[in-house]
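All remarks here apply to the structure that follows.
The values are calculated or read from the model by the stated rules, or taken from the named source; none is laboratory data. This structure is a prediction, so every number in the text was calculated from the model and none was measured. Here the Cβ positions follow ideal geometry from the backbone for every residue, glycine too, while neighbour counts run over all protein chains shown. Side chains included, ligands, DNA and RNA excluded: accessible areas come from the protein's heavy atoms. Shrake-Rupley method; radii C 1.70, N 1.55, O 1.52, S 1.80 Å.
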Amino acid sequence: MNLDRYRGSLLGLAIGDALGAPVEGMKSGRIKEVFGQLTSYVDAELAWQKKPYRYLPKGVYTDDTQQALCLADSLVRCYGFNAEDFANTLQRLWKASPELRYGAFRGIGATFRKVMEKLASGVSASMAGEVSAGIGPAMRVGPVGLYFCEDKDALIKASIEQALITHKDPRPISLSSAIAYSVACYVNGEWESLKTSDRIESLIEFVFDLEKLVEKEYIVHLPPLVYDFFGLLFRSVEPFRHWQGMEHELVFRQIVNLANLSFPSHKIKSPSQNFALSAGVTALFLTITSTDFESGLIEAVNLGQDADSLAAMLGAILGARFGESAIPEEWKQGLKNYDQI
């Protein structure tokens, strides 16, 4: 086991989350106007003047990392994935501070709130999920890739089933597995010596087979209104073959165009928007093309919009790829709760 890569993945997830958290919801142009280029933890008050409810201390991560840590705790405690235990672990944070609207969670989205309310009312983990194409399952799935890095079948099963607790939609479910697979391929060394083109082929092949499996074996868990959404992640990553060497700005336009053909609930205008086939595909693309941990995360957080979740997904994978030793010391020391993670 390469401990440097394990530590790098968990820390990378949290650091990406904390770097992006202060500018979540901002457009890339506004980030440039306020900060120039965002390269470190920043004061959210500078970004959100007159909106104190958006303020977050420097280096503090959001519910993206909190959910990932709940998943990691549950995996270790149960010697594998157990849906009810994971749901109960999330509920303990939800109920930890009853005087707060969302318990101990920070910055949760509407889908996660609805699921937590269902679980608190007694709905089972298998029935609580919402129809949503957000990136919640993918932003927290990194620990699954670490735990099952030597067992692809178990990785797929766990990444799908943890996603189903909150999301009943094949787009985020498939993305979740692709993120976990990427973490596993780097932490176990499978992708270490491969050329970029070979990593792309491995990812595309995995996604193709995965979506067929989800449709065949998990369609019973999904409502009919999402049946048209199978195969869309493959359609979104297959062009990676042709995007090698292209300027990233041009690639991001293509990601946005394909996302808008993939039945989003709102028009997609940014590659970092909270939609599995925009921010999620952007994370996978940057995973393949980034040359180091630092520059990869800097590019991600400066895209704005759902910057914390995009950078959390990317950070988990790049951390597994480059290891803790590649993470800037300033970012590690500035991360709140660094030692526990």
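Remarks
- All positions within segment 55-71 that are closer than 27 Å to VAL144 by Cβ and open to solvent by 20 Å² or more (accessible area, probe 1.4 Å): LEU56, VAL60, LEU69
- The lone exception for TYR102 - which of (1) without any contact (Cβ under 8 Å) to a residue 40 or more places away in the chain; (2) over 19 Å from SER309 (Cβ atoms); (3) among the hydroxyl-bearing types (Ser, Thr, Tyr) it fails: (2)
Conditions (1) of a type outside the set (D, E, K, R); (2) farther than 19 Å from GLY334 by Cα; (3) open to solvent by less than 10 Å² (accessible area, probe 1.4 Å), marked per residue:
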residue	(1), (2), (3)
GLY16	yes, no, yes
PRO22	yes, no, yes
MET26	yes, yes, yes
GLY29	yes, yes, no
GLU33	no, yes, no
THR39	yes, no, no
TRP48	yes, yes, no
TYR53	yes, yes, no
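- Segment 157-215: number of residues that are within 18 Å of the chain's Cα centre (by Cα) and among the hydroxyl-bearing types (Ser, Thr, Tyr): 8
- Boolean, LEU225 is part of a helix (DSSP H, G or I), open to solvent by 90 Å² or more (accessible area, probe 1.4 Å) and under 22 Å from ALA125 (Cβ atoms): yes
- Pairs, first closer than 18 Å to ALA276 by Cα in segment 131-155, second of a type in the set (Asp, Glu) and part of a loop (DSSP other than H, G, I, E, B), C-beta under 9 Å, six or more apart: VAL131/ASP169; SER132/ASP169; ALA133/ASP169; GLY134/ASP169; GLY134/ASP306; ILE135/ASP306; MET139/ASP306
- When LEU250, LEU213, LEU233 are checked against the criterion of being in contact with a Ser or Thr (Cβ under 6 Å, 6 or more places away or on another chain), open to solvent by less than 90 Å² (accessible area, probe 1.4 Å) and either in a helix (DSSP H, G or I) or in contact (Cβ under 8 Å) with a residue 60 or more places away in the chain (or both), a single residue qualifies: LEU233.
- Residue match in segment 173-185 (condition: open to solvent by 10 Å² or more (accessible area, probe 1.4 Å) and either assigned to a helix (DSSP H, G or I) or modelled with pLDDT of 95 or more (or both)): yes
- Any hit, segment 183-198, residues being closer than 21 Å to GLY231 by Cβ and free of Cβ contacts under 8 Å to residues at least 60 places away in the same chain: no
Every residue, every condition in (1) of a type in the set (A, V, I, L, M, F, W, C); (2) open to solvent by 20 Å² or more (accessible area, probe 1.4 Å); (3) under 11 Å from GLY20 (Cα atoms); (4) more than 18 Å from the chain's Cα centre (by Cα), yes or no:
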{"site": "GLY296", "(1), (2), (3), (4)": "no, no, no, no"}
{"site": "ASN302", "(1), (2), (3), (4)": "no, yes, yes, no"}
{"site": "LEU314", "(1), (2), (3), (4)": "yes, no, no, no"}
{"site": "GLY319", "(1), (2), (3), (4)": "no, no, no, no"}
{"site": "ALA326", "(1), (2), (3), (4)": "yes, yes, no, yes"}
{"site": "ASN337", "(1), (2), (3), (4)": "no, yes, no, yes"}
{"site": "ILE341", "(1), (2), (3), (4)": "yes, yes, no, no"}
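- Residue within segment 5-17 that is touching a residue at least 60 places away in the same chain (Cβ under 8 Å), within 24 Å of ILE179 (Cα to Cα) and among the polar types (S, T, N, Q) present: yes
- Residue check, GLN333 at pLDDT below 95 and open to solvent by 10 Å² or more (accessible area, probe 1.4 Å): no
- Evaluation of GLU247 against (1) farther than 17 Å from SER177 by Cβ; (2) modelled with pLDDT of 95 or more; (3) under 20 Å from the mean Cα position of the chain (by Cα) (one fails), failing number: (3)
- Among the residues of segment 186-201, those that are assigned to a loop (DSSP other than H, G, I, E, B), open to solvent by 10 Å² or more (accessible area, probe 1.4 Å) and not polar (S, T, N, Q) comprise GLY189, GLU190, GLU192, LEU194, LYS195.
- Residue in segment 261-286 that is surrounded by the most Cβ atoms within 10 Å (Cβ to Cβ), counting only those that are farther than 22 Å from VAL183 by Cα and aliphatic (A, V, I, L, M): ILE268
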